[in-house]
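The structure under discussion appears below in the form of structure tokens.
The values are calculated or read from the model by the stated rules, or taken from the named source; none is laboratory data. Note that the structure is predicted; figures quoted are calculated from it, not measured. Because the Cβ atoms are built from the backbone with ideal geometry, glycine has one as well, and the counts that use them run over all protein chains shown.
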Amino acid sequence: MPMPQLWFASPRVLPRADKLQGRVVVLDIAFAATVGTSVSFDLVTKPFLDGLGDRLAAWVDHHDHERHVQFKGDPRFVLSTKAEHGACPEMVTPELVRQTGPIDCICTHVDLDGLYAAAKWILDGKEPYPGADDDARAVDTRVGTPGPIATRIDRALRAKFRDDQLKRAVISYLVEGRKPGTYDDVIRDAAAEFERRDAKTQELAKRFTIRGRVAIVDTQGSAGAFDKTDLLLAGQAKAQVSIVRDSGMLTIAAPFDSGWDFVELFAIGGGMPTRVTIPETKLDEVIAKINDAPAPVPRASGHGGGEE
């Protein structure tokens, strides 16, 4: 099956539009927040959109953002909230792919549901295997248990999240029917690296301290790689909200169905309600706001939502 040009990106780090060939589909990439300096919507997302112009064939995303309303009249934008769609692949349908027509490039998010969405688009809107959409939702929302295929791929991606060769291997592995060979080997090796990191993650999890509703761990002085998502989940087992302090930033997370909306609480402007990242200088302010906030109303977890 012919493979389009593949680019991997995140809301804060988008490629130059002129690097992307022909008609472009953007998958699972949130608009940048509307506040901030170097990574705001106006300084990151809008120039990318302007650069693509009429070459943008579709933008499909499921992350909450106040600017979604501006694009309601443009059929190229298929936008939802995390509560409506817990992961992006379920939004990629045969009808959408057919209506969009031929494309030359897919620019997708770097995580599992971004890669699954890209594979599904290449497969004309069909799941790469039965239950793939459910797996992507379980991984992205951390609600439910993904199957063994997605579990291994998720671990591989979290071990080597900057490795574009691995991301291409994952898409090719899914598109070509999950056969033994080079792509499978690349995924297996990366998943083994995750297992090595897990011991460090478990060690750091013992450092959590509790401040009201918040479990917080500081990774400063810790040698060796760890998995931030699993560390956040360990904190959520101890308190309503978990915070990992690492490399000058605070990553704040709560379960998808908890009802917490950190985007609104911290006036960020866009992103995933239950997982955000802000500078560590605001630590005391963050903890105070969380502890002083009204009790959140849990949301239904039938569809669901974790990622910036």
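Couple of notes before you dig in:
- Subset of the range 153-184 (residues that are under 22 Å from Trp7 (Cα atoms) and of a type in the set (D, E, K, R)): Asp154, Arg155, Arg158, Lys160, Arg162, Asp163, Asp164, Lys167, Arg168, Glu176, Arg178, Asp184
- Checked against (1) over 17 Å from the mean Cα position of the chain (by Cα); (2) crowded, with 18+ Cβ neighbours inside 10 Å, Gly270 passes all but a single condition, namely (1).
- Restricting Asp134, Asp104, Asp140 to those that are farther than 20 Å from Val186 by Cβ, surrounded by fewer than 17 Cβ atoms within 10 Å (Cβ to Cβ) and not basic (Lys, Arg) reduces the list to Asp104.
- Being assigned to a helix (DSSP H, G or I), modelled with pLDDT of 95 or more, under 14 Å from Val60 (Cα atoms) and assigned by TED's automatic domain parsing to the domain that holds His85 is a description that applies to Ala117.
Quick grid of which residues meet (1) in the same structural domain as Ala33 (by TED's automatic domain parsing); (2) surrounded by fewer than 22 Cβ atoms within 10 Å (Cβ to Cβ); (3) of a type in the set (Val, Ile, Thr); (4) modelled with pLDDT under 95:
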position	(1), (2), (3), (4)
Gln70	yes, yes, no, yes
Gly73	yes, yes, no, yes
Phe77	yes, yes, no, no
Glu95	yes, yes, no, no
Trp121	yes, no, no, no
Ala159	yes, yes, no, yes
Ser172	yes, yes, no, no
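- If you go through the range 56-92 and keep only what is in a helix (DSSP H, G or I), of a type outside the set (Phe, Trp, Tyr) and more than 22 Å from Val110 (Cβ to Cβ), you end up with Glu66, Val69, Gln70.
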